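I have placed the structure first, in the form of structure tokens, so that the comments after it can refer back to it.
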Amino acid sequence: MAGSSGLGGGAGQGAALRASRAPLLLVALVLGAYCLRVLPGRCPPAARTLAPAPSPSEPSSSVRRPGAPDLPVASGPGRRRFPQALIVGVKKGGTRALLEFLRLHPDVRALGSEPHFFDRCYERGLAWYRSLMPRTLDGQITMEKTPSYFVTREAPRRIHAMSPDMKLIVVVRNPVTRAISDYAQTLSKTPGLPSFRALAFRHGLGPVDTAWSAVRIGMYAQHLDHWLQYFPLSHFLFVSGERLVSDPAGEVGRVQDFLGLKRVVTDKHFYFNATKGFPCLKKAQGSSRPRCLGKSKGRPHPRVPPAVVRRLQEFYRPFNRKFYQMTGQDFGWG
């Protein structure tokens, strides 16, 4: 009987220990899932094959710009080229919408996925990067968009080393709204995250936690200051994420002008979707049917207490004012 009592006591202690560990295990699983979402993902696959290098008789000016590495040229109609323009930022600013709008233009050929070359996959090399690009004909522009470039310290230097003439497009949005949208996206993929307030501030409503990426991305002036060490302001176009919603044709018109393109994409291409709360395309690329961006766009935002919003507005105000001064544009965020 004594032995039975001892075994029963041991089993009871084991059950109690497992029960006490359950909350810790749950926390570990949530944090693990969150880390998987925010850590750099895989690099996209390269094209399957590259054609041999061009023959010596082919003019070098049609193959590469002076100073660029001598890389293989893809076979088939057109050639794979390095981008002449990049949408470099910012996350949750409207970069996907802008890219899809621009892809309506017959002289724009853009990579649909984000290659993350200049932040995550740089060790793959320029030949790998070029192999990802769509083929273009003479007179067409190659583009890609990766919004994390704007906040990646190494990106400006790496892009400049490839092409000092690069045209750079930055889609910006009210940094408070952008931060909440960023949080909403992460929350949808990782339920159980701490509240927005808990992540944005240290010690209740204490100092703003600038280590949190959702906050740090919106400090646009600091990021731009680093880019201006490598590129003159004339190489940038700053697109308003708010106006991309309220006047998509006007903002896309500015982008077409910046790229040296005829204004082909106009207001006739858009209609406003009241359910989603943003413009959609009357005719998507390669289709005769209307198309809106995916269900992840227009996602409802979690409710954030007004006091939290006011504190963030105060925090961002000096950064916004400096950004207006640097760019010569007042985006109206206060």
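The values are calculated or read from the model by the stated rules, or taken from the named source; none is laboratory data. For clarity, every value in this text was computed on a predicted model and none was experimentally measured. Because the Cβ atoms are built from the backbone with ideal geometry, glycine has one as well, and the counts that use them run over all protein chains shown. Just the protein is used for accessible areas: all its heavy atoms, side chains included, with ligands, DNA and RNA removed. Shrake-Rupley method; radii C 1.70, N 1.55, O 1.52, S 1.80 Å.
Protein heavy-atom accessible surface, 1.4 Å probe, per residue over segment 65-208: 36 Å².
Would segment 154-271 count as rounded, prolate or oblate if I go by the C-alpha gyration tensor, calling it rounded below 1.5 in a/c and otherwise prolate when a/b exceeds b/c, oblate otherwise?
On the way: a/c = 2.72, a/b = 1.45, b/c = 1.87.
Judged from the Cα gyration tensor, segment 154-271 comes out oblate (a/c at least 1.5, b/c at or above a/b).
Full-extension gain between Y271 and R42, please, as 0.36 nm times their residue separation minus the C-alpha to C-alpha distance. Intermediate values should be presented prior to the final figure.
On the way: separation 229, 0.36 × 229 = 82.44 nm, distance 3.53 nm.
Taking Y271 through R42 to full extension adds about 78.9 nm, to one decimal.
Each label was represented as a point 7 Å from its Cα along the Cα-to-Cβ direction; for L137 and R153 these points are 4.6 nm apart. Extending 7 Å from Cα along the Cβ direction at S163 and again at S234 yields two label points whose distance is 1.8 nm. Cross-link pairs exceeding 27 Å in C-alpha to C-alpha distance, out of K276/K322; K189/K282; K92/K282; K145/K262, comprise K276/K322; K189/K282.
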